[in-house]
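Inspection log for the structure reproduced underneath, given as structure tokens.
Every read-out reported here was derived from the displayed coordinates using simple, explicitly stated rules and does not represent laboratory data. Just so you know, these numbers come straight off a predicted model, no measurement behind them. Cβ sites come from the backbone with ideal geometry, for glycine too, and all protein chains shown count toward neighbours.
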Amino acid sequence: MHKIAFIVLFMAFGIAQADTVYKTVGPDGKIIYSQDPPAGGNATKTLNFSNLPSTPMPDSVLRYRDELEKSMKKRLADGAKREFVFPTIFTAQWCGYCRQAKAYLAEKKIRYQEYDIDTADGMRAYVESGSGRGVPVLLWKGQKVHGFSRAAYDALVGSSR
């Protein structure tokens with residue numbers, strides 16, 4: 001009985017965490033992926049991603065991130081966010097999903113910038129990007145994917161090659 005209750009609770013949590021990615025084609029023919037539905041309501045493709053596998057950060061890393069975020073609050077409020085030229089991935093050496101994400105990017109021959117959150121510069125960039133509580137996180141063209149799945153990465157960086 002406990003097993004069934006756990007499965008129902010797990011599935012309900014997964015539905016609450018679902019994300020939708022909309023694919024639209026602009027007037028100039030440029031493909032745009034967005035988490036917001038298009039104003040005209042004519043999305044060419046809708047992708048739903050929920051609970052992508054990611055590795056939660058240890059409590060010590062979360063505490064450091066929170067302290068860094070507090071100290072950077074004014075700078076973040078002034079809009080001093082970094083501009084990322086290439087797809088940018090936040091990883092940790094101890095994260096298995098991070099290794100899968102980097103292998104995917106290498107397989108697709110996609111150039112990317114990597115930040116290791118266990119370094120001071122990496123954590124600073126992670127906080128500035130407004131990322132969540134786990135890794136990997138992939139940023140590209142104003143979009144963000146928390147965790148790793150091939151379908152989500154295809155949707156985000158597929159058009160960058």
Legend entry - Residue order, fewest to most beta carbons within 10 Å, for ARG65, ARG99, ARG111: ARG111, ARG99, ARG65
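In the structure shown, do any of LYS30/LYS144; LYS73/LYS141; LYS23/LYS102; LYS23/LYS73; LYS102/LYS141 have a Cα-Cα gap over 22 Å, and if so which?
Numbers: LYS30/LYS144 19 Å; LYS73/LYS141 24 Å; LYS23/LYS102 24 Å; LYS23/LYS73 33 Å; LYS102/LYS141 18 Å.
Over 22 Å apart, Cα to Cα: LYS73/LYS141; LYS23/LYS102; LYS23/LYS73.
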Legend entry - Size-normalised alpha-carbon gyration radius of the stretch 52-161, reference 2.2 N^0.38 Å: 1.03
Legend entry - Distant-in-sequence amide H partners of VAL135 (H built 1.01 Å from N, under 5 Å): THR55, MET57
Inset, instruction - Quick one: what are the phi-derived ³J(HN,Hα) couplings along the stretch 109-118, Karplus 6.51/-1.76/1.60 with θ = phi - 60°, whole Hz, x for glycine and proline? - result: 6, 9, 5, 8, 10, 10, 10, 8, 5, 7
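With 10 angstrom as the radius, rank MET57, MET72 by how many other C-beta atoms surround their C-beta, starting from the fewest.
Fewest to most other Cβ atoms nearby, the residues stand as MET72, MET57.
Tell me the net charge near PHE90. Cut-off is 9 Å between Cβ atoms, PHE90 excluded, with +1 for each Lys or Arg and -1 for each Asp or Glu. Intermediate values should be presented prior to the final figure.
Details: positive: none; negative: GLU114, ASP116.
Overall, the nearby charge balance is -2.
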Legend entry - Antiparallel %, DSSP beta bridges [both residues in the stretch 85-161], to 5: 65
